[in-house]
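Read through the structure below, which is laid out as structure tokens, and then see the notes.
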């Protein structure tokens, strides 16, 4: 759960950076009539989805860990104990973003697996080594 919270902070930081770049571009285009971008309501969850899913997918596919996982010495592996394939990482990422409450299943599961882990046949393991040859 702590690793997921850290990853949420990473995604929020990326969203803030995108907002800052957008505001900067608007300022450069119209400095005399600049106003902070407003009315972004519906677009924030859409952009958040568009940031979170690739972030999680690429991290799990390339290294098996996100920034939060790396800080806590965790790694996501497939049913063979190897690095996830792209489609598996993508589906797990979508599941985590669309149904984040499923991550809470870790607290009651005897195997310490989330709903996404059960569906995707993945496991989160402790692995403090920086390299992964899976």
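The values are calculated or read from the model by the stated rules, or taken from the named source; none is laboratory data. Remember, predicted model here, so these are calculated numbers, not experimental data. Here the Cβ is made from the backbone with ideal geometry for all residues, glycine too, and neighbour counts use every protein chain on show.
Some notes on this structure:
- Within segment 26-38, being surrounded by 11 or more Cβ atoms within 10 Å (Cβ to Cβ) and in a helix (DSSP H, G or I) holds for 26, 27.
- Residues of segment 13-55 satisfying the condition of being without any contact (Cβ under 8 Å) to a residue 24 or more places away in the chain and in contact with a helix residue (DSSP H, G or I) (Cβ under 7 Å, 6 or more places away or on another chain): 34, 36, 37
For (1) surrounded by fewer than 19 Cβ atoms within 10 Å (Cβ to Cβ); (2) on the phi > 0 side of the Ramachandran plot; (3) touching a strand residue (DSSP E or B) at 6+ places or on another chain (Cβ under 9 Å), each residue gets a yes or a no:
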residue	(1), (2), (3)
80	yes, no, no
90	yes, no, no
95	no, no, no
103	yes, no, no
122	no, no, yes
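- Lone unmet requirement of (1) more than 23 Å from residue 60 (Cα to Cα); (2) in a helix (DSSP H, G or I); (3) at pLDDT 90 or above for residue 9: (1)
- The criterion of at least 2 residues that are over 15 Å from residue 4 (Cβ atoms) is met, among helices (runs of 4 or more DSSP H) falling completely within segment 39-134, by 43-62, 86-98, 115-120.
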